[in-house]
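Below is one structure, written out as structure tokens; the observations come after it.
What follows is calculated from the coordinates using simple rules that are stated; it is not laboratory data. Since this is a predicted model, take the numbers as computed values, not measurements.
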Amino acid sequence: MTNEEKYLRERVGQKNPFRTPEGYFDQFTANVMAQLPERTLKVEPQQPVAKKVAMPIRHWFYAAACVAALLVTAFSFHFHEVDKGQPQVAVSESYIDEAADYAMLDNMDIYQLLAEE
């Protein structure tokens, strides 16, 4: 319990200050219904609804878009040629030399790292 809650409970207490008159809810529904204005309900004859045989054209567009997305994804994976022997990113030798100097690697360490793969 926080300090604010303690303070409020000390000031107000645990009592509920709100009261309803005796028997108020006994006839509540009847009193509310009596106060509502009367409305007449218009009943219109129902027209026979024609069955829709064909789907709306937008459903065909959605289906075509899904098929196109699947085809593009499938073709991109199928024709994506990756040469397993060559690295995918071209790295210049000067960059490798700078990285080796920064990491304080000598040739023996580099040979060991390459042999582990």
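Step through the residues of segment 98-110 one at a time and calculate ³J(HN,Hα) from phi using the Karplus curve (6.51 cos²θ - 1.76 cosθ + 1.60, θ = phi - 60°), rounding each to whole Hz and writing x for Gly and Pro.
Each residue of segment 98-110 in turn: 5, 5, 5, 5, 5, 7, 6, 9, 9, 4, 5, 5, 5 Hz.
Can you list the HN-Hα couplings for segment 17-30, worked out from phi with the Karplus curve (6.51, -1.76, 1.60; θ = phi - 60°), rounded to whole Hz and with x for Gly and Pro?
After applying 6.51 cos²θ - 1.76 cosθ + 1.60, I find x, 9, 10, 10, x, 4, x, 5, 8, 5, 10, 4, 5, 5 Hz.
Once you have the Cα-Cα distance between Gln14 and Leu113, take 0.36 nm times their residue separation minus that, and quote the gain in nm to one decimal.
Taking Gln14 through Leu113 to full extension adds about 28.3 nm, to one decimal.
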